[in-house]
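Notes to accompany the following structure.
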There are 2 protein chains.
Amino acid sequence: MNSKKILSQYIQNFVEVNEEEVDQFTSCFEEVSIKKRQFIVQPNFIAHHMYYVVKGAFRAYVVTEEGNDHTTSFAIDDWWITDYNSFIYQQPASSFVMALEDSIILRVHFEKQKELKETNHKFETIFRIMAERGLAFSQRRITSNLTLPAERRYDQFMSKYAHVAQRLPQYALASFLGMTPEFLSKVKNDKLRKKS
Amino acid sequence: MNSKKILSQYIQNFVEVNEEEVDQFTSCFEEVSIKKRQFIVQPNFIAHHMYYVVKGAFRAYVVTEEGNDHTTSFAIDDWWITDYNSFIYQQPASSFVMALEDSIILRVHFEKQKELKETNHKFETIFRIMAERGLAFSQRRITSNLTLPAERRYDQFMSKYAHVAQRLPQYALASFLGMTPEFLSKVKNDKLRKKS
DNA sequence: TAACTTCCTTGAAGTAACTTAAGAAAAAAG
DNA sequence: CTTTTTTCTTAAGTTACTTCAAGGAAGTTA
């Protein structure tokens, strides 16, 4: 199935659109192939696009002064990614977004997205729902980070997103969950020992 | 100035609306007075409303099995609050939302908000922008929590939200920043010592 | 199939932040 | 203003997690 068809199915989870609307929506997106380790967003540059991942995997992360990196978000097939803060305010980004696999994305430029939102109430609805769900997800993550110790954050993540974890290097998952890769390794190993 | 006038000014930060639209929008809100320590959201009950704080202060928090509480968000004048996850999915809440002061709020019921979003593109835009900014804020918070040690999280918060901190009990701020009240007390005191 | 490079594991030593407990200060209630 | 309740501070002891360092496994490139 071609990329724009996949995107059109995605938006039909949110609103009912006719053929013309589908075309209008998807025509604002550009398909781009991204090689593993290639960056689509970099610090100090404005994130001009939001990216819909047709196929592949990405990781967004920040690097501290000391050189430690921390995964702020990631995306696999059928998810979105960008430096959201940079994108919506059109200000310089603070994070990298890098491909973890050879990937295919559909990107929409800030101005194009703005036009879409303005021209059709339904398109506005799509982006509203995406933002709402993103916010809800983000708040659940904050709550886990505040309330659960490292091991239980890992358990909770795995119970919901085991299929995602498979496609992430472990250091990326560790820093997403707010722990060092060494500690995650220990957590996983303690689990194996307990079972047997 | 009356509450609905204040709300109407608030929405004019986002969209241009005529008098009729202002009325239509604000008429979906109910003004309610909330006494200090009163709850507007409780765990296991669905959050049927979103709350716009006209005057006052609120704290959202979760309580763990061990009985520790953790501030997930707060709101003072001109901010919004609810259990967002409960509200948008209309599922049982996991947090409390409690008044920290005697407050006046404007609340909108889930169904009313849905109607508003459906009936006028501009109203949809308002809630879209709110969700987008909420998400951006939430992501910045996650990044701070992942990358900064306790003292710097405190500094960063104070540099942006000192006026908010004044109105929060210190234990609420501490748990929002992901540390114990005892530790925040130490952090503040170390700072004073350094200065002199 | 060797030689990098990247990623993961293990363990020892260190530390940032937590827990517990008790008292002081401030705020609220009578 | 006196009492009670709530909030904040201080300090000692503890722990969950980090850092550092080195070796092993797995994937990637020649």
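The values are calculated or read from the model by the stated rules, or taken from the named source; none is laboratory data. Predicted, not measured: the structure shown is a model, and the values here were computed from it. A quick note on method: Cβ atoms are made from the backbone with ideal geometry, for glycine too, and the neighbour counts reach across all protein chains shown. Calculation scope for accessible area: heavy atoms of the full protein, side chains included, ligands and nucleic acids excluded. Shrake-Rupley method; radii C 1.70, N 1.55, O 1.52, S 1.80 Å.
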Let me spell it out: the conditions are (1) open to solvent by less than 60 Å² (accessible area, probe 1.4 Å); (2) touching a Phe, Trp or Tyr at 6+ places or on another chain (Cβ under 9 Å), and B:Arg107 meets all of them except one. Which number is the exception?
(1)
How do the pairs read when you match residues in the range B:163-183 that are without any contact (Cβ under 8 Å) to a residue 12 or more places away in the chain and assigned to a loop (DSSP other than H, G, I, E, B) with residues anywhere that are within 11 Å of DNA strand D (Cβ to nearest atom) and open to solvent by less than 20 Å² (accessible area, probe 1.4 Å), using Cβ under 7 Å and keeping only pairs 6 or more apart or on different chains?
B:Thr180/B:Ala174
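Select from the range B:126-148 the residues that are polar (S, T, N, Q) and open to solvent by less than 20 Å² (accessible area, probe 1.4 Å) and write down the one among them that is farthest from the other protein chains (Cβ to nearest Cβ). Before the answer, list the steps.
Pass one, the range B:126-148, residues polar (S, T, N, Q): B:138-139, B:143-145, B:147.
Filter again for open to solvent by less than 20 Å² (accessible area, probe 1.4 Å), leaving B:138, B:144.
On the way: B:Ser138: 4, B:Ser144: 10 Å.
Among residues in the range B:126-148 that are polar (S, T, N, Q) and open to solvent by less than 20 Å² (accessible area, probe 1.4 Å), the one farthest from the other protein chains (Cβ to nearest Cβ) is B:Ser144.
How about the range B:77-111: which of its residues are within 16 Å of DNA strand C (Cβ to nearest atom) and not in a strand (DSSP E or B)?
First pass over the range B:77-111, keeping only residues within 16 Å of DNA strand C (Cβ to nearest atom): B:98-103.
B:Leu100, B:Glu101, B:Asp102 - these are the residues of the range B:77-111 that are within 16 Å of DNA strand C (Cβ to nearest atom) and not in a strand (DSSP E or B).
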Residues within the range B:171-187 that are over 24 Å from A:Ser144 (Cβ atoms) and open to solvent by 70 Å² or more (accessible area, probe 1.4 Å), tallied:
1
Subset tally (residues that are open to solvent by 30 Å² or more (accessible area, probe 1.4 Å) and in contact with a Phe, Trp or Tyr (Cβ under 6 Å, 6 or more places away or on another chain)) for the range A:71-89
1
Which one of these does A:Lys112 not meet: (1) touching a residue at least 40 places away in the same chain (Cβ under 8 Å); (2) touching a helix residue (DSSP H, G or I) at 6+ places or on another chain (Cβ under 9 Å); (3) surrounded by fewer than 21 Cβ atoms within 10 Å (Cβ to Cβ); (4) under 22 Å from A:Ile6 (Cα atoms)?
(2)
Subset tally (residues that are away from DNA strand D (no atom under 12 Å from the Cβ), over 24 Å from the mean Cα position of the chain (by Cα) and modelled with pLDDT of 90 or more) for the range A:172-196
2
Qualifying residue in the range A:149-167 (condition: over 25 Å from B:Ser94 (Cα atoms), in contact with a Leu (Cβ under 6 Å, 6 or more places away or on another chain) and either open to solvent by 60 Å² or more (accessible area, probe 1.4 Å) or near DNA strand C (Cβ under 8 Å from one of its atoms) (or both)):
no
